[in-house]
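Asker: Supplied in structure tokens, the structure appears directly below.
The values are calculated or read from the model by the stated rules, or taken from the named source; none is laboratory data. All values reported here derive from a predicted model rather than from experimental measurement. Cβ: placed from backbone, ideal geometry, glycine included. Neighbour counts: every protein chain shown.
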Amino acid sequence: MSLSSQRLAAADEANLVLDHAGQVNVFLVAGLLDPGGFVGADGDPDLGALRAAVRERLAGLPQLRQVLTGRGFRHRWAAAQPDLEQHVRLGPAVHGLPGLEILCGDLMGTPLLRGLPLWELLVMPDAGSRRVWIVLRIHHAVADGIQAVAIAGQLFDPPAPAAAPAASEPRPRDPQRRHPLATLRTFLFGLHRTRLTLTASGVGATVLLGPRSANRGVAFVDIDLAALEANTRPRGATLNDALLASVAAGYRAALPAAGEPLPARLPVSIPVALQRRGTSGNQVGVMLVQLPLQVPDADDRLRLIAEQSRAEKGRARQQGTLELMRGPVGASIMNRLAQRQHLVAGFVTNVPGPPARLHLAGAPVAAIWPVAVIAANVRLGVAAISYAGRLSCSVHFDARYVPGAVFAGAMADELARLSA
């Protein structure tokens, strides 16, 4: 497909609107590499070898060979050859996982340069070992979480046939023609959802909502995927339900630590993958789940969350992209009003990743963690990805207002309990 002059899809233009001062709209994935390939036995990275491998992969990634042109709400993609001296760079040495968390927090407040293709790959030696850390950032105007993971996967070395990842495409919609009453219900629910987006006030005054500072924090959490699945599936819950249950545990710990009482329920927003259609890089719906914070029994909380998500996920797929995110005008309206919204208190996203161990320019990828943007007036969000037998999560928070370390600790404890 030629990108010599391609108009941005409406949903991608909408995501461009959401990128502004104080809100860097990027998908970030951080990783840990073992020695091998471009990472020498002493931990010294050979950026020339890495750039050569990336240059080869870019031939099949037109999304990373394009720059924005135009202004206002009428941008286009123009073909461009990335300068890999700019896009694949050596960063400062990182002091272990805590150092990576600090770096990722800083990067979530650092915009990508609009005059270049909207991505970058940073390489940081570890100050205390022979390992190397990497951070890949891709703008959300280029791709949503599902597509960003797919793009990232293409930058890595091709897997052996036996290690090819299982298909993880979202379930397609019913190909049969929809009944007129179903179409009417979808339209009416869309009006209801738009009204809620603009006017709902179900979340009271809380430290979780408000203007954000520049002091961003990131904390990483991970758990054995097979053990978590083995202990949640028999209870009628999914891995995403278990993630939401751990998020509820995080709020149950963080709110009292911030001096606030627990509300009975706390609504969070969760993206839902849609069937891929057209050229847009952003094709996600959204569902709301009310986390039951005052339910004392953890298993009861998991059950209540699973019941909600089963019903809401199907409705979200039927409704499609959030109405105000279907174009830049709606996104601009939502962006202004969202600074005072009280519909949701947090964001939680979970995307499937490759089940087999990856390599980047020959270096084994030991672990990866995603970090998602926190938008509107929300001060905390959680992102998760499955990779090589682990569920890897991040908590992205405004460190000036929210006790993110307390949240992450309680979340880790709950994931461990659910896996036991």
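Asker: Can you report the number of residues in the stretch 119-149 which are buried (at least 22 other Cβ atoms within 10 Å of the Cβ) and among the small types (Gly, Ala, Ser)?
Answerer: 4
Asker: Take the residues of the stretch 352-367 that are surrounded by 23 or more Cβ atoms within 10 Å (Cβ to Cβ) and outside any loop (DSSP other than H, G, I, E, B): which is nearest to the chain's Cα centre (by Cα)?
Answerer: So the residue we want is Leu360.
Asker: Taking Leu33, is it buried (at least 16 other Cβ atoms within 10 Å of the Cβ), at pLDDT 95 or above and out of contact with any Phe, Trp or Tyr (no Cβ under 7 Å at 6 or more places or on another chain)?
Answerer: yes
Asker: While we're here: Can you tell me which residue is nearest to Leu122 (Cα to Cα) among those in the stretch 68-101 that are crowded, with 18+ Cβ neighbours inside 10 Å and among the aliphatic types (A, V, I, L, M)?
Answerer: The extreme case among them is Val88.
Asker: Within the stretch 390-408, take every residue that is crowded, with 18+ Cβ neighbours inside 10 Å and of a type outside the set (A, V, I, L, M, F, W, C) and give me the one that is nearest to Val373 (Cα to Cα).
Answerer: Looking at residues that are crowded, with 18+ Cβ neighbours inside 10 Å and of a type outside the set (A, V, I, L, M, F, W, C), I get His396.
Asker: Please work out if Thr110 is within 30 Å of Ala399 (Cα to Cα) and hydroxyl-bearing (Ser, Thr, Tyr).
Answerer: Criteria met by Thr110.
Asker: Return the residues of the stretch 1-43 that are aromatic (Phe, Trp, Tyr) and assigned to a helix (DSSP H, G or I); say none if nothing qualifies.
Answerer: Scanning the stretch 1-43 gives no hits.
Asker: Right, here's the next one. Residues that are of a type in the set (Ser, Thr, Tyr) and more than 25 Å from the chain's Cα centre (by Cα): which helices (runs of 4 or more DSSP H) entirely in the stretch 46-111 hold 1 or more of them? Working first, answer last.
Answerer: Numbers: elements: 47-58, 84-87, 96-107.
Answer list for the stretch 46-111: none.
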